[in-house]
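Q: Questions regarding the structure given below will be posed in turn.
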Amino acid sequence: MTRRITRKMATLGTGLVSLLGAALATASPASADDGAAPSCVSYYQSYYYLQAENTCDYDVHVYAVYASGPSASSNYLKAHTGPTTIGSGYGFSNVQSLRLAAKVTVWVHYNVGYGNNVAIRGDASPLSWSTGQACVNRAADLWECTVSGIPGGTNFQYKVLINDSTWSTGSNYTGVSGHGHDITPSF
């Protein structure tokens, strides 16, 4: 009986050391080749929850990489948000890092009028310059364009169109996958 209690205590002690290490961890700086979350995004893991905080001046899409592998879903963190629960603590399973998700959200602030819609085109697959991807209307003057599949940290160019036929004026917008973007185009 004494041996079992000793093993359990040793296991618990190892788990606590791992937990404390994870609690003090901060995501590494972003780079275009590895998709790591920027250093202004930090995380804390308790036994039950994984929380992240975004002190960046921009929104980010992140996912957690646990010792057992990456999480199946990503989380959208608005700029300057306090601790937000983004996952489960999985007991004492360590979070290895936060990574930029292969997803980008562009918030288009423009009223296109009743019966019209907004589409996004760009130079990074799955976007293309020949056919637009539909955006979702969230309010009279707010459209959400979420694109999945562009590797986290990748720079790309894009434009928005009304009814996938009328191009916004001016230069192309530049974005980074894994980040959120707010634009107010002119047509």
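The values are calculated or read from the model by the stated rules, or taken from the named source; none is laboratory data. Keep in mind that this is a model prediction, so the values were computed, not measured. Counting neighbours? That spans all protein chains shown, and the Cβs are built from the backbone with ideal geometry, glycine included.
Q: Anything in the range 175-187 that is in contact with a Gly (Cβ under 7 Å, 6 or more places away or on another chain), in a loop (DSSP other than H, G, I, E, B) and not polar (S, T, N, Q)? List them, or say none.
A: Residue satisfying the conditions is Gly178 alone.
Q: If you scan the range 72-86, which residues turn out to be hydroxyl-bearing (Ser, Thr, Tyr) and either in a strand (DSSP E or B) or surrounded by 13 or more Cβ atoms within 10 Å (Cβ to Cβ) (or both)?
A: Once the filter is applied, which keeps residues that are hydroxyl-bearing (Ser, Thr, Tyr) and either in a strand (DSSP E or B) or surrounded by 13 or more Cβ atoms within 10 Å (Cβ to Cβ) (or both), the range 72-86 yields Ser74, Tyr76, Thr81, Thr84, Thr85.
Q: Just to check your reading of the model, which residue among Trp129, Trp143 is part of a strand (DSSP E or B) and touching a strand residue (DSSP E or B) at 6+ places or on another chain (Cβ under 6 Å)?
A: Only one candidate passes the filter, namely Trp143.
Q: Okay, moving on. Restricting attention to the range 157-174, which residues are among the hydroxyl-bearing types (Ser, Thr, Tyr) and in a loop (DSSP other than H, G, I, E, B)?
A: Those that are among the hydroxyl-bearing types (Ser, Thr, Tyr) and in a loop (DSSP other than H, G, I, E, B): Ser165, Ser168, Thr169, Ser171.
Q: Right, something else. Would you mention how many residues in the range 31-43 are aromatic (Phe, Trp, Tyr) and either touching a residue at least 60 places away in the same chain (Cβ under 8 Å) or over 10 Å from Val95 (Cβ atoms) (or both)?
A: Counting residues in the range 31-43 that are aromatic (Phe, Trp, Tyr) and either touching a residue at least 60 places away in the same chain (Cβ under 8 Å) or over 10 Å from Val95 (Cβ atoms) (or both) gives 0.
Q: Please work out if Ala23 is in contact with a Phe, Trp or Tyr (Cβ under 8 Å, 6 or more places away or on another chain) and modelled with pLDDT under 80.
A: yes
Q: Right, something else. Hey, can you tell me all the residues within the range 111-125 that are closer than 18 Å to Thr174 by Cα and either assigned by TED's automatic domain parsing to the domain that holds Asp59 or out of contact with any strand residue (DSSP E or B) (no Cβ under 7 Å at 6 or more places or on another chain) (or both)?
A: Scanning the range 111-125 gives a single hit, Ser125.
Q: Tally up the residues in the range 137-159 that are closer than 18 Å to Ser125 by Cβ and either small (Gly, Ala, Ser) or free of Cβ contacts under 8 Å to residues at least 12 places away in the same chain (or both), please.
A: So the answer is 4.
Q: Of the residues in the range 44-64, how many are free of Cβ contacts under 8 Å to residues at least 40 places away in the same chain and assigned to a strand (DSSP E or B)?
A: Total meeting the criteria: 6.
Q: Name the residue that is surrounded by the most Cβ atoms within 10 Å (Cβ to Cβ), counting only residues in the range 161-181 that are modelled with pLDDT of 95 or more and not hydroxyl-bearing (Ser, Thr, Tyr).
A: By that ranking, first place goes to Leu161.
Q: Right, next: Which numbered condition trips up Arg121, out of (1) without any contact (Cβ under 8 Å) to a residue 12 or more places away in the chain; (2) buried (at least 18 other Cβ atoms within 10 Å of the Cβ)?
A: Result: Arg121 passes all but (1).
Q: Then there is this: Could you tell me how many of the residues in the range 45-59 are within 22 Å of Gly180 (Cβ to Cβ) and hydroxyl-bearing (Ser, Thr, Tyr)?
A: 2
Q: Please name all residue pairs, on different chains or six or more residues apart, with Cβ atoms under 7 Å, provided the first residue is in the range 160-187 and is over 15 Å from Asn116 (Cα atoms) and the second residue is outside any strand (DSSP E or B) and hydrophobic (A, V, I, L, M, F, W, C).
A: Cβ pairs passing all conditions: Thr169/Phe187; Ser177/Ala102; Ser177/Ile150; Gly178/Ala101.
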